[in-house]
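Engineer: Would you mind keeping the following structure in view while I ask a few things?
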Amino acid sequence: MRLINGGVTAPEGFFAAGIACGIKKNGKKDLAIVCSEDVAAAAGVFTTNIVKGHSLQVTMEHIKSGYATAIVINSGNANACVGEQGYRDAKEIAELTAKYLECEPENILVGSTGVIGVPLNMDLIRPAIEELVSNMSPDGGHDAQEAIMTTDTIPKEIAVEFEIQGKPVVIGAMAKGSGMIHPQMATMIGIITTDANISRGLLDKALREVVKHTFNRVSVDGDTSVCDMVVIMANGMSDNPPIINEGEDYNSFKSALNLVCTELAKLIAKDGEGATKLIEVNVEGAVTEEDAYKVVSAIAKSPLVKTAIFGEDANWGRIITAAGYSGASFNPEKVDIYLGNLMVCKNGCAVAFDENEAKKILSEKEIVISLKLKQGVYSDRMWTCDFSYDYVKINGSYRT
């Protein structure tokens with residue numbers, strides 16, 4: 001398995017484009033398309049927020065067939081909570097795109113991200129769709145990635161090549177996400193493409209299993225958006241023997257997909273709004289899988305833990321406190337806590353540690369917090385970021 005260039009268009013038979021149609025007032029790209037040369041098997045996971053954007057609703061309907069040709073995404077406007085017009089606008093985007101691609105509207109997926117409660121300006125989008133389709137190219141992945149960004153400060157794209165029975169297979173992906181990030185499929189928008197020849201059922205299974213421990217293990221602020229999705233399209237244009245059963249070939253595909261999603265998930269946490277540090281929270285020795293998740297989730301979304309890391313303060317009391325209110329069952333008198341490789345708490349009690357060494361660890365851009373519960377065999381991991389002054393500045397004036 002090796003990293004390659006190209007992002008979402010690295011797999012055979014995928015094209016993309018990103019243009020500025022005027023939704024964003026700053027003139028930046030705000031409309032993207034990712035398209036397969038042939039109709040592709042498709043699967044998706046979606047936000048669990050009961051409030052769902054209208055574009056998301058259309059995608060959830062269209063993807064039920066298990067197939068898709070393209071996805072169109074706008075940024076700068078969430079197309080959410082604007083009534084029946086929002087749904088009609090999303091359907092019109094699918095219909096217009098299908099006309100230019102000469103396919104069925106049901107094969108077009110739609111995504112939107114940005115401000116909630118503002119209708120889409122379809123007078124800008126309608127003429128732009130023809131331009132968007134005409135600009136598609138095998139080298140358009142980066143432009144598409146740029147066009148889906150909102151408060152993101154860095155691009156998030158990756159591609160890997162691996163082999164299945166000696167045949168090269170590629171998975172490419174792009175994502176956006178910086179705020180309103182928390183598990184239960186409310187992490188961001190992610191588009192994954194592959195030329196693997198894999199059944200729709202196994203594609204769906206692999207995506208759900210991988211997302212659980214990658215994109216659904218990222219928390220920036222504990223909020224869950226109304227537009228978030230991860231969609232994968234597999235067009236089968238690789239020469240690999242079809243993956244129709246679980247086994248070595250499926251495991252190879254799933255391992256590559258896991259690498260792609262892990263790296264994008266970490267980039268999202270690293271690029272959290274106002275973030276200065278990437279934090280990985282690990283727990284081991286939990287009694288149940290659910291307990292392990294509860295502990296990492298509580299610590300990762302604790303404002304007091306996140307502000308302590310920003311201030312480079314080895315205040316481990318905030319860490320054990322978050323674990324304590326997580327709802328997990330454990331004996332606090334057995335808990336060990338580490339910052340990096342430095343033990344700061346043993347069996348639930350303070351231990352003497354070098355404050356200068358702790359400060360040095362916390363000054364790094366990437367920090368690992370580890371808890372050993374010593375109660376069972378289950379473990380889990382979550383990525384998050386610190387809370388800085390800039391987080392408040394960004395979100396205090398998001399609409400303006």
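Engineer: Would it be correct to say that residue 91 is touching a residue at least 12 places away in the same chain (Cβ under 8 Å), within 23 Å of residue 42 (Cα to Cα) and basic (Lys, Arg)? Outline the logic, then answer.
Structural biologist: On the way: touching a residue at least 12 places away in the same chain (Cβ under 8 Å): yes; within 23 Å of residue 42 (Cα to Cα): yes; basic (Lys, Arg): yes.
Judged against the criteria, residue 91 is a match.
Engineer: Does residue 173 satisfy being more than 18 Å from the chain's Cα centre (by Cα) and open to solvent by less than 10 Å² (accessible area, probe 1.4 Å)? Spell out how you get there, then give the answer.
Structural biologist: Values: more than 18 Å from the chain's Cα centre (by Cα): no; open to solvent by less than 10 Å² (accessible area, probe 1.4 Å): yes.
The answer is no for residue 173.
Engineer: Let me ask another. Whether any residue in region 99-106 is modelled with pLDDT of 95 or more, touching a Phe, Trp or Tyr at 6+ places or on another chain (Cβ under 7 Å) and open to solvent by 10 Å² or more (accessible area, probe 1.4 Å) is what I want to check. Don't jump to the end; show me each part of the working.
Structural biologist: Pass one, region 99-106, residues modelled with pLDDT of 95 or more: 99-106.
This time we only want the ones that are touching a Phe, Trp or Tyr at 6+ places or on another chain (Cβ under 7 Å), so: none.
No.
Engineer: Hey, another quick one. Kindly check whether there is at least one residue in region 282-302 that is more than 30 Å from residue 190 (Cβ to Cβ), touching a residue at least 12 places away in the same chain (Cβ under 8 Å) and in a loop (DSSP other than H, G, I, E, B). It would help to see each step written out before you state the result.
Structural biologist: Just the residues of region 282-302 that are more than 30 Å from residue 190 (Cβ to Cβ), to begin with: 285, 287.
From what's left, touching a residue at least 12 places away in the same chain (Cβ under 8 Å): 285, 287.
Now restrict to residues that are in a loop (DSSP other than H, G, I, E, B): 287.
Yes, because at least one residue in region 282-302 is more than 30 Å from residue 190 (Cβ to Cβ), touching a residue at least 12 places away in the same chain (Cβ under 8 Å) and in a loop (DSSP other than H, G, I, E, B).
Engineer: Quick check on region 350-397: of everything there that is part of a helix (DSSP H, G or I) and at pLDDT below 90, which residue is most open to solvent (accessible area, probe 1.4 Å)?
Structural biologist: Residues of region 350-397 part of a helix (DSSP H, G or I): 355-362, 389-396.
Next, only the ones that are at pLDDT below 90 stay: 389-396.
Details: 389: 163, 390: 74, 391: 39, 392: 103, 393: 137, 394: 57, 395: 67, 396: 69 Å².
Ranking the candidates gives 389 first.
Engineer: Moving to a separate point now. State the number of residues belonging to region 1-40 that are surrounded by 24 or more Cβ atoms within 10 Å (Cβ to Cβ) and assigned to a strand (DSSP E or B).
Structural biologist: Qualifying residue count, region 1-40: 11.
Engineer: At pLDDT below 95 and crowded, with 18+ Cβ neighbours inside 10 Å: which single residue out of 328, 300, 322 fits that description?
Structural biologist: Details: 328 fails: at pLDDT below 95; 322 fails: at pLDDT below 95.
Exactly one of 328, 300, 322 is at pLDDT below 95 and crowded, with 18+ Cβ neighbours inside 10 Å, namely 300.
Engineer: Kindly indicate whether any position in region 102-114 is touching a residue at least 60 places away in the same chain (Cβ under 8 Å) and out of contact with any strand residue (DSSP E or B) (no Cβ under 6 Å at 6 or more places or on another chain).
Structural biologist: No.
Engineer: Residue pairs, Cβ under 9 Å, 6 or more apart or interchain, first in region 134-154 and farther than 22 Å from residue 12 by Cβ, second part of a helix (DSSP H, G or I) and open to solvent by 40 Å² or more (accessible area, probe 1.4 Å). List them.
Structural biologist: Every condition considered, the pairs that remain are 151/394; 151/395; 154/267; 154/270.
Engineer: A follow-up question, please. Give all pairs with beta carbons closer than 6 Å in which a residue from region 19-43 that is within 15 Å of residue 189 (Cα to Cα) and in contact (Cβ under 8 Å) with a residue 24 or more places away in the chain meets a residue that is among the charged types (D, E, K, R) and outside any loop (DSSP other than H, G, I, E, B); count only pairs at least 6 apart in sequence or on separate chains.
Structural biologist: 43/204
Engineer: Go through region 67-82 and give me each residue that's over 20 Å from residue 233 (Cα atoms) and open to solvent by 40 Å² or more (accessible area, probe 1.4 Å).
Structural biologist: First, the residues of region 67-82 that are over 20 Å from residue 233 (Cα atoms): 75-82.
81, the sole residue that qualifies.
Engineer: Name the residue, out of 198, 189, 154, that is modelled with pLDDT under 95 and open to solvent by 10 Å² or more (accessible area, probe 1.4 Å). Before you say what the answer is, go through the steps one by one.
Structural biologist: On the way: 198 fails: modelled with pLDDT under 95; 189 fails: open to solvent by 10 Å² or more (accessible area, probe 1.4 Å).
It is 154.
Engineer: Among the residues of region 272-280, is any open to solvent by 50 Å² or more (accessible area, probe 1.4 Å) and under 30 Å from residue 4 (Cα atoms)? Please lay out each step first, then the result.
Structural biologist: Taking region 272-280 and keeping what is open to solvent by 50 Å² or more (accessible area, probe 1.4 Å), we get 276.
Checking the rest, the ones that are also under 30 Å from residue 4 (Cα atoms) come to 276.
Checked against the condition, which is being open to solvent by 50 Å² or more (accessible area, probe 1.4 Å) and under 30 Å from residue 4 (Cα atoms), region 272-280 yields at least one hit.
The values are calculated or read from the model by the stated rules, or taken from the named source; none is laboratory data. These figures come from a predicted structure and were not determined experimentally. Positions of Cβ are backbone-derived with ideal geometry, glycine not excepted, and every protein chain shown enters the neighbour counts. Each accessible area value is taken on the protein alone, full model and side chains, heavy atoms only, with ligands, DNA and RNA left out. Shrake-Rupley method; radii C 1.70, N 1.55, O 1.52, S 1.80 Å.
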